[in-house]
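Below is one structure, written out as structure tokens; comments come after it.
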Amino acid sequence: MKLDVDVRLRQGAFTLDVQFASDAPVTALFGRSGSGKTTVLNAIAGLIEPEAGRIAVGDTIYFDGNGARVPVQHRRVGYVFQEGRLLPHLSVRRNLLYGRFFTDEAERYADFDRIIALLDLGHLLPRRPQGLSGGEKQRVAIGRALLASPRILLMDEPLASLDTPRKAEILYYVERLRDEVRVPIVYVSHAIDEVVRLADTVVLLSEGRVAGAGPISAMAGRMELRPFLGRFEGGAVIETRVAAHDLEWGITRLDFPGGSLYAPDVDALVGEPIRVRIRARDVSLATERPQQLSMQNVVTGVVLAIGEPSGASVDVQVDAAGTPIIARVTRKAVAELGLAPGKPVFALIKSVAIDRHSVGYA
């Protein structure tokens, strides 16, 4: 189902002017705090009204300049906030069923038992919210949103208030929603690892504008977007496929057009597509193929571009048979190796750098 967003509004000194379209199962709105991500969600939900523009989900126009104004209660939008926002006086079961009251019976498609099983909520049904962990509260909030049979599900940094183990727990359930429920999701985050793991399309926001939009692998490889994606966690996203498992050494071979990558303990079947994030700080460059090296990943490529220096370091974009890889090296290394566009190089990547936080299941 296609989502069309054209939102223009002013809130005090902040101006939002955002346009994008996506038919991806998960569309991520990514950017720093204050870039306008939550404001876009609120406009889709109808919690705020744009001054101009158009918002449509599939064939349903929520808002446009010709007078279309669908009220909040008729938009059938599921909304999951940073905190669960559960009703404390109701049991988990009654919290889950609360959203159904606002959906006409003829439009209800969500099956209660299926959602309970999908989110593993059966043992929590008689309990009250105050006795739940943060992760359990978020699972209940997701279930409540789904049981309203929404046309679209909005998720506003649902992991922000959780510790690391609970984040991993909720990410697993969001992946299941993406793959099994197939309701379009707009997912807001400023954590690149969440975006890589979940999203098909990313819309990068900066100061109320769209800095770029497209597939996550293409966006991560664009040098001009490096400042918006975060320098410390920046790098490339590579679309690979599981080629083989070496059970003796616990290593998986991932193939892509530019070669192969070896990663530890990838939990996927041979043939499955895997999305891998390679941080620029985990990539070294050589002008000759090294010998007797502990690094398992050596990828042949050609220097495509050299970015603007930042202190002593600089990002170098390498083309590996059409796949961009970013390496962060010192300016001294660039000079000593004679790096320049067109120069053949070898990109060296530690296998252990491709950890569970760097792998997404496409």
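No value in this document is a laboratory result; all are computed from the given coordinates. These numbers come from a predicted model, not from an experiment. Every residue, glycine as well, gets a Cβ built from its backbone with ideal geometry; the counts of neighbours run over all protein chains shown.
Taking the helices alone, the chain has a mean residue ellipticity at 222 nm of -5500 deg cm²/dmol, built from -39,500 (n - 2.57) per DSSP H run of at least 4 residues and averaged over all its residues.
Within the same chain, lysines fewer than 8 places from Lys343 are excluded, and of the rest, those with a Cα less than 24 Å from its Cα are Lys332.
Normalised by the number of residues in region 3-220, what is the relative contact order in percent for Cα pairs under 8 Å and 6+ residues apart? Computed over region 3-220, the figure is 31 percent.
The modelled label-to-label distance for the pair Phe101/Val270, using points 7 Å beyond Cα in the direction of Cβ, is 5.5 nm. Of Glu83, Glu180, Glu194, the residue with the greatest mean-square motion in the GNM of the chain, using alpha carbon springs below 10 Å, is Glu180. Between the C-alpha center of region 258-310 and that of region 106-128 there is a gap of 42 Å. Recomputing mean projected area of the Cα convex hull in nm² from the coordinates shown identifies the correct label among (1) 17.4; (2) 16.5; (3) 20.8 as (3). Net charge of the neighbourhood of Asp179, taken over other residues with C-beta under 15 Å away and scored Lys/Arg +1, Asp/Glu -1, is +1.
Straight-distance candidates among the lysines for linking to Lys2, with alpha-carbon spacing under 26 Å and chain neighbours fewer than 8 residues away dropped: Lys37. For the chain, hydrophobic long helices are taken as DSSP H runs at least 18 Å long by C-alpha position along their axis with mean Kyte-Doolittle hydropathy of -1.0 or more; these are 134-147, 164-176. Across region 325-340, coupling constants 3J(HN,Hα) worked out from phi with the 6.51/-1.76/1.60 Karplus curve, θ = phi - 60°, read 10, 10, 10, 9, 10, 7, 4, 5, 4, 4, 5, 5, 8, x, 5, 7 Hz, and Gly and Pro carry x.
For Asn42 and Trp249, a Förster radius of 41 Å and the Cβ-Cβ distance give a FRET efficiency of 0.25, rounded to the nearest 0.05. The distance separating the Cα centre of region 169-235 from that of region 19-55 comes to 14 Å.
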